[in-house]
Amino acid sequence: MRILFLGDIFGRPGRAILFERLRQIRRDHGLDRVLANGENASGGIGLTAKAARQLLDAGIDVLTGGNHIFRHRDLTPFFDTTDRLLRPANYPKGAPGTGCQVYRPKDGPPYAVLNLLGRTFMAPVDCPFAAAEKALADLPGDVLVRLVDFHAEATSEKKALAYFLDGRVSAVLGTHTHVQTADAQLLPRGTAYMTDIGLTGPTASTLGMDPEDVIARFRTGLPQRFTVSRATPEMQGALLDIDAATGKVVTITPWRLA
Ligand code: FE2
């Protein structure tokens, strides 16, 4: 089973490259599933219902979220219309949507996706470790392919969660920093891990935004309106080859397409 998990789709350029290239990439790589973090897809912050629908229609099987997922209010009712959009499972009780879902496609093995949010250097939410334990305890036994998107700032928190889940999930993939890391690896008990799978958007930028705006914010300390960079977008993510009979990742490869 071959899965491409794309890093944060950023603004219009990120959506554009995906609409343009995804179907061909699916064919070229023989992809069974494509997943992506979508929480920066609208204007670089948040996700509108319209963009979510377009991304799902364009061939993304499952969209995951993060700290900006509830930015656009029209996304809240959208959660009731699809099971292919997740928000972090460790949002406090009562948040719209769900953070873990099992998918049973007709043309492949079942798989689960769990979305979690970090707490270090981020706004406080419930414990991601406890949320992961609960989500895994609730998963049906026949669902062996289990993918975790850990949307978090701190490398230490990402690695800690990955080791905590080692051997219990197929992969723990980091998102949120928008910089692809060079540490794709298999942990001792077989879980695949990468600290951050990167950005689907304008990478020659400050995390997707125009550097001029960000420089001004740092230099003056004053609030600035950030604009999405006009730099050429690229796609970044992680390519996973998984033994569906065991749920173990055979290879994890950092992936990018300029
Ligand atoms: Fe984020």
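The values are calculated or read from the model by the stated rules, or taken from the named source; none is laboratory data. Computed from a predicted model, the values in this text were never measured in an experiment. Positions of Cβ are backbone-derived with ideal geometry, glycine not excepted, and every protein chain shown enters the neighbour counts. Each accessible area value is taken on the protein alone, full model and side chains, heavy atoms only, with ligands, DNA and RNA left out. Shrake-Rupley method; radii C 1.70, N 1.55, O 1.52, S 1.80 Å.
How high is the FRET efficiency between V179 and D138 when r is their beta carbon distance and R₀ equals 35 Å, given to the nearest 0.05?
Efficiency at R0 = 35 Å is approximately 0.60.
For H151, list long-range residues whose amide hydrogen, built 1.01 Å from N in the peptide plane, is under 5 Å from its own amide hydrogen.
So H151 has HN proximity to L116, L117, G118, T175.
Leaving ligands, DNA and RNA out of it, report the carbon-plus-sulfur percent of the accessible area of segment 202-258 at a 1.4 Å probe.
55
Accessible area per residue, 1.4 Å probe, Å², for the chain: what's the number?
Value for the chain: 44 Å² per residue.
Take the alpha-carbon centre of segment 1-56, take the same for segment 219-258, and report the distance between them in whole Å.
That distance is 10 Å.
Zone of T81 (label point 7 Å along Cα→Cβ, backbone N under 18 Å): which residues in segment 6-41?
38-39, 41, by backbone N distance to the label point.
Subtracting the Cα-Cα distance from 0.36 nm times the residue separation, let me have the gained length for R73 to D241 in nm, one decimal.
Length gained, R73 through D241: 56.8 nm.
Of the options L144, T246, P110, report the single residue whose Cα projects farthest towards the positive end of the charge dipole of segment 2-257 (beta-carbon charges: Lys, Arg +1; Asp, Glu -1).
P110
Spin-label point model (7 Å from Cα, Cβ direction): what's the T227 to F164 distance in nm?
Here the modelled spin labels are 4.1 nm apart.
Quick one: angle between helix 155-165 and the longest Cα principal axis of the chain, in degrees between 0 and 90, rounded to 10, please.
Approximately 20 degrees, to the nearest ten.
Once the Cα atoms of helix 211-220 and of the chain are each reduced to a long axis, what angle between those two axes, in degrees from 0 to 90 to the nearest 10, is obtained?
Roughly 70 degrees between the two axes.
Counting each DSSP H run of 4 or more residues in the chain as -39500 (n - 2.57), what helix-only mean residue ellipticity at 222 nm follows after dividing by all residues, to the nearest 500 deg cm²/dmol?
-7500 deg cm²/dmol
In debye, nearest 20: dipole of segment 75-172 around its Cα centre with unit charges on the Cβ of K, R (+) and D, E (-)?
20
Within 10 Å of each candidate Cβ there may be at most 12 other Cβ atoms; applying that plus a DSSP loop requirement, which trypsin sites (Lys or Arg not before Pro) in segment 227-258 survive?
Hits after loop and neighbour filter: R230.
For segment 118-224, which trypsin sites (Lys or Arg not before Pro) pass both filters: DSSP loop (anything but H, G, I, E, B) and at most 15 other C-beta atoms within 10 Å?
For trypsin sites (Lys or Arg not before Pro) across segment 118-224 that sit outside H, G, I, E and B with at most 15 neighbouring Cβ atoms in 10 Å, the list reads R189.
With each label point set 7 Å from Cα along the Cα-Cβ vector, what nm distance links E20 and V102?
4.1
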